[in-house]
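Below: one structure, written as structure tokens.
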Amino acid sequence: MTAAIAVPASAADHRPHRERVEISSVQYDSPGWDNRSNRSLNGEWVEITNYSRHSVNLDGWALADEDGRTYTFDHYRLDGRATVRVHTGIGLDTRRDVYQDRRNYVWDNRSDTATLRNDHGRFVDDASWGRRHHRR
């Protein structure tokens, strides 16, 4: 006689999965002249990729530069195995592109660090360029 243990479906569905969200690419020096046109501002961006199979709610997550200029995601869910590009300038948010709606550049061309934190303020990832940087 064998005993079978029935596990409620709800318990089986709550297996933890690890979020794998990273800064995957940065275009910190907008192509062409830095003339502060909206086109030039939107040529500066940071890509964030979700490498897991599960979507991640980025609501309240923040992307900041070394000077504290911060973009906070609002009601945004990043699908599994998907990338979103965070542009500096003004535009209409879509699933693949969101806009900080700024009229000035954020990322320093010589050196800077883009830091991504979750909705609890915990460090998720960063990307640096230029001089050597240390995580904060």
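For region 46-57, which residues satisfy the criterion of being buried (at least 20 other Cβ atoms within 10 Å of the Cβ) and more than 8 Å from the chain's Cα centre (by Cα)? N50, V56 - these are the residues of region 46-57 that are buried (at least 20 other Cβ atoms within 10 Å of the Cβ) and more than 8 Å from the chain's Cα centre (by Cα). Scan region 101-128 for residues that are open to solvent by 40 Å² or more (accessible area, probe 1.4 Å) and either assigned to a loop (DSSP other than H, G, I, E, B) or charged (D, E, K, R) (or both) and the total you get is 13.
From the list H120, H75, the lone residue that is within 20 Å of E22 (Cβ to Cβ) and of a type outside the set (V, I, T) is H120. Residue check: is R81 under 20 Å from W129 (Cβ atoms), basic (K, R), modelled with pLDDT of 95 or more and touching a strand residue (DSSP E or B) at 6+ places or on another chain (Cβ under 7 Å)? In short, no.
The values are calculated or read from the model by the stated rules, or taken from the named source; none is laboratory data. Given the structure is predicted, the values throughout are model-derived calculations rather than measurements. Cβ: placed from backbone, ideal geometry, glycine included. Neighbour counts: every protein chain shown. Quick note on the areas: whole protein, heavy atoms, side chains included, nothing else; ligands and nucleic acids left out. Shrake-Rupley method; radii C 1.70, N 1.55, O 1.52, S 1.80 Å.
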